[in-house]
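FYI, it's all coordinate maths here, none of it is from the lab. Quick caveat: nothing in here was measured; it's all calculated off a predicted structure. In this analysis, Cβ positions are derived from the backbone assuming ideal geometry, glycine residues included, and neighbour counts consider all displayed protein chains.
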Number of protein chains: 2
Amino acid sequence: MKRSPTQEQRRQQIIDAFIVHVVEKGFHRASMAEMAKTAGLSVGQVYRYFSNKEDIIRAVVEQKTEEYLAIMEDFLEKKDWLARIFEQKHSQEFQIERVLNMEIKAEANRSPVLAEIQSDADRRLTEHAIKLVRQRYGLQDEEDILARVQFLVALTNGLFHRSNDTDQPFSQASHRLFQHMLNELFPDQVVSTQP
Amino acid sequence: MKRSPTQEQRRQQIIDAFIVHVVEKGFHRASMAEMAKTAGLSVGQVYRYFSNKEDIIRAVVEQKTEEYLAIMEDFLEKKDWLARIFEQKHSQEFQIERVLNMEIKAEANRSPVLAEIQSDADRRLTEHAIKLVRQRYGLQDEEDILARVQFLVALTNGLFHRSNDTDQPFSQASHRLFQHMLNELFPDQVVSTQP
């Protein structure tokens, strides 16, 4: 269905209101009625766009996935990686994204629909990362590239959701260590890790 | 206050019931009344032990922290680390712990009380890990050891909460890569061959 600009804008207003409520109260306490109020719409209008909260999450995850795909080339550049990716962490936008991501993941533990939405997004991101890593670092073995991408994904998620010291800057030792580890993860020339 | 065995047992029943409800429904939908019912107690009895859900979480986090402290020496052994720590992942207990941990972390984004409980636990775990790493791997620089421990914590949390492929076993390439990366993270002590 092709939407007029006004419909697009309304749809986005609902998505934005949803994010505000989920971040403030958590997934379960964010109600469709309150979201509608924040978006300046009636509940009936909201239901014309989304039949439930899972539907809105699908739209949120789709938008985030497009954003992540667009910045992935920069993300896979290992130079000053820790500073580039994580020292923007004080921004409000980063905190909102962090909380929203955690809420969706927590709820995906109970909802097969959400688990599949998340899984589809992860698959798209992983496939794109594999393609870029193959091009950039000249690695060949598909299984090895996937392992390296998954390692970086785990590390990124762990840093993104670290619960302590989020207000503390990374130490010089951390910057050195990450540079070393990322050079091992994505070597400039292929080094076999086989014994 | 010294508790009789029965009081200890009741307290543990409440904690166990809380975990069941939080994992099944999420933190917000787990009510004190339902928890009491599952634990076979009246609501009044529950309130004699815990005045609210945050209090129960404090007890849960304390118990988990003691468990983690007890297994940390094994956790910091890098040999076959991925297999030893993460290939037990199909067990129901592991899944419960995963969901519970995510719920607490998600709620800690909104609750300063929970954030502090989590932060205290992380501090205790980090301090113990630093001590063990210093002993085992012969590293000296405190800032460097902390950076290495934090790297391992981020990686562990990311793997623990990875949303996709939790049902897929790790590939041979992943096992090789993790072995290589952990050897970089915690190098074996250099034994001087000089007389």
Practice task
Would you tell me the mean number of C-beta atoms belonging to other protein chains that fall within 10 Å of each C-beta in B:42-50, as a whole number?
Solution key: 0
Fill in the blank from the handout: Exposure-ranked with fewest Cβ neighbours within 10 Å first, B:TYR49, B:TYR137 stand as B:TYR137, B:TYR49
Practice task
Please state the charge dipole magnitude for segment A:54-185, taken about the Cα centre, from unit charges on C-beta atoms (+1 on K and R, -1 on D and E), reported in debye and rounded to the nearest 20.
Solution key: 380
Fill in the blank from the handout: Counting other chain Cβ atoms within 10 Å of each Cβ in B:15-22 and taking the mean gives 0
Completion exercise
If the label point sits 7 Å along Cα→Cβ of A:GLN168, residues of segment B:109-125 with amide N under 13 Å come out as B:119-125
Exercise for the section: Let me know the mean shielding of B:23-31 by other chains, meaning the per-residue number of their Cβ atoms within 10 Å of its Cβ. Expected result: 3
Exercise for the section: Kindly give the distances from A:SER51 to its copy-mates, label point to label point, with each label point 7 Å from Cα along Cα→Cβ, as nm values to one decimal ordered shortest first. Expected result: 4.7
Handout entry: Sequence-separation-based contact order of chain A, relative, with Cα cut under 8 Å and 6+ spacing, percent
Key = 22
Fill in the blank from the handout: Protection proxy (average C-beta count within 10 Å per residue), highest first, orders A:74-81, B:149-156, B:9-16 as B:149-156, B:9-16, A:74-81
Handout entry: Exam field: A:GLU66 pseudo-label spacings to other copies (7 Å along Cα-Cβ), nanometres
Key = 5.2
